[in-house]
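Report on one structure; see the data block that follows.
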Amino acid sequence: MPNLSIRRFCAAIITFSLLLTVGSAVFTTRRLDIGANVTLSAGSAADPLLSRAYLNDITKPYLLNYLTEKFGTVQDGGPYGQTIKDIGEGALDNITLDELANLTSGTLTKPYEGGILAPAGGNYQLIQMTDAHTLVVPSGGTVYVLSGRVMGVSLGASTVIDVVQGREFFGDWLYGTGRQVVVSEKGGMSFETLDDQAVLLASGGQVLPRQTYTAEFTDLAEALMIMGLFRGTDEGLKLERTALRGEALTLLIRILGKEAEALAAPSPSTAFSDVPTWLLPYASFGVKNGLTKGIGHGMFGNYLSITANEYMTFLLRALGYVDVGANADFHYQAALDFAVTKKIISANEANMLSSGSFTRDKLVYLSYYTLFAYTKDGSKTLLQSLIDSGAVSLSNAELAIASVTRVRN
């Protein structure tokens, strides 16, 4: 029995020594200092974020020297002194690289179990995010996206600093795998998954239940699909998630009946720095035809969520209205109000569309009913223009309209 107690005592010494050194971490992007110019990063034995050479050549020798020093202070002659030394030497012989990586990972990235996370500047916490969660991060907090995609939702005028790019991002942006951001001093930021789940490494913040949105306009999405104007994602329609600018521009070009023309362009190009390959022909067509101007700083804003006013601006341009120059018909920040005056939508619809996040569900709603609005010259509806140009067949249009039985607000 005494030997068992001694072993537990020695195990406690070893564990405490390791946790003491690792636990004194200070925040450095995603690396943590443990003293003597030794740095640890969270990971696992299979996929540590630091190299095995680093573990073998720097981290392990440092920890072994630390333990040797601790056990070297045990006094000889005591009843259990030699036993303690023997156990300590055995521990030194059996610290493998895999165990060290696992220990590092387990210490630095304990899975979230509820409540408030470590304060900004402290250790990272590993968070398994689902669409039932919202991560609210205060100023100075950090988020590193290990997998999946999350949408930042501004709380007031808050912004984030991209650690890798060294630039500040305003508004509600999409952050994919590998993105590392620090919430600026301008206010907190919340983060929500764009897909079913995401894995984050976060410092500071609180995980709260997410207010879920239930799609209401699936019938309108299906009607648009019948007409060939809307497509879902690889994971289905995803009407409940936030709409992005790239998706909105793509849908607009389809509603204009110009998708075939955009895709047929021989050498689509754009000066925007944030346009992925799949979006390039649409962004190129949109710029050349005055549908989009980007968001400045050489960016289109593909990873930025779109608002109801911004998408209504796209649709109003499709109807022939202009929002620039001395003879502008409307201002983009008041696009919904202008649409109400032109009886394109009702005041109730404008309120519904502008409340909360502008989801793909609302994008579908606004797109479908704008098809029945007259163009600026009053000659025909947008849908009739699509039928006349051959972009939508008359039979498909009739079938789609017959499938919708709801009454507009």
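Among residues that are assigned by TED's automatic domain parsing to the domain that holds residue 344, closer than 23 Å to residue 150 by Cα and at pLDDT below 85, residue 290 is not included. The set of residues in the range 127-179 being aliphatic (A, V, I, L, M), without any contact (Cβ under 8 Å) to a residue 40 or more places away in the chain and not in a strand (DSSP E or B) consists of 155, 157, 164. Checking each residue of the range 182-198 against the condition of being surrounded by 19 or more Cβ atoms within 10 Å (Cβ to Cβ), more than 30 Å from residue 352 (Cβ to Cβ), at pLDDT 90 or above and not aliphatic (A, V, I, L, M) gives no match. Within the range 234-274, the residues that satisfy the criterion of being under 23 Å from residue 212 (Cα atoms) and free of Cβ contacts under 8 Å to residues at least 60 places away in the same chain are 234, 235, 236.
Would you confirm whether any residue within the range 246-268 is modelled with pLDDT under 90, over 27 Å from residue 190 (Cα atoms) and among the polar types (S, T, N, Q)? Yes, the range 246-268 contains at least one residue that is modelled with pLDDT under 90, over 27 Å from residue 190 (Cα atoms) and among the polar types (S, T, N, Q). Out of the residues in the range 346-373 that are over 31 Å from the mean Cα position of the chain (by Cα) and assigned to a loop (DSSP other than H, G, I, E, B), which is surrounded by the most Cβ atoms within 10 Å (Cβ to Cβ)? Restricting to residues being over 31 Å from the mean Cα position of the chain (by Cα) and assigned to a loop (DSSP other than H, G, I, E, B), the top hit is 371. When you look at residue 388, is it crowded, with 17+ Cβ neighbours inside 10 Å and of a type outside the set (Val, Ile, Thr), yes or no? Criteria not met by residue 388. Among the residues of the range 189-198, those that are under 23 Å from residue 170 (Cα atoms), part of a strand (DSSP E or B) and not acidic (Asp, Glu) comprise 189, 190, 191, 193, 198.
Could you pull out the residue among 311, 365, 303 that is farther than 22 Å from residue 382 by Cβ, of a type outside the set (Asp, Glu) and touching a residue at least 60 places away in the same chain (Cβ under 8 Å)? On inspection, the qualifying residue turns out to be 303. Within the span defined as the range 301-309, one or more residues are assigned to a helix (DSSP H, G or I) and of a type outside the set (A, V, I, L, M).
Entry remark, the range 284-334: residues being under 21 Å from the mean Cα position of the chain (by Cα) and of a type in the set (Asp, Glu) number 1 in total. Among 292, 313, which is the only one that is of a type in the set (S, T, N, Q), part of a loop (DSSP other than H, G, I, E, B) and crowded, with 20+ Cβ neighbours inside 10 Å? Going through 292, 313 in turn, just one is of a type in the set (S, T, N, Q), part of a loop (DSSP other than H, G, I, E, B) and crowded, with 20+ Cβ neighbours inside 10 Å: 292. The residues of the range 275-290 that are of a type in the set (Ser, Thr, Tyr) and in contact (Cβ under 8 Å) with a residue 12 or more places away in the chain, listed by number, are 282, 284. Of the helices (runs of 4 or more DSSP H) lying entirely inside the range 205-287, those containing at least 1 residues that are of a type outside the set (Phe, Trp, Tyr), in contact with a strand residue (DSSP E or B) (Cβ under 7 Å, 6 or more places away or on another chain) and buried (at least 23 other Cβ atoms within 10 Å of the Cβ) span 245-255.
Residue-level analysis places residue 139 outside the set of residues that are farther than 21 Å from residue 211 by Cα, at pLDDT 90 or above and surrounded by fewer than 17 Cβ atoms within 10 Å (Cβ to Cβ).
The values are calculated or read from the model by the stated rules, or taken from the named source; none is laboratory data. Please read all numbers here as calculations on a predicted model, not as lab measurements. Quick reminder, even Gly has a Cβ in these numbers, built from the backbone with ideal geometry, and neighbours come from all protein chains shown.
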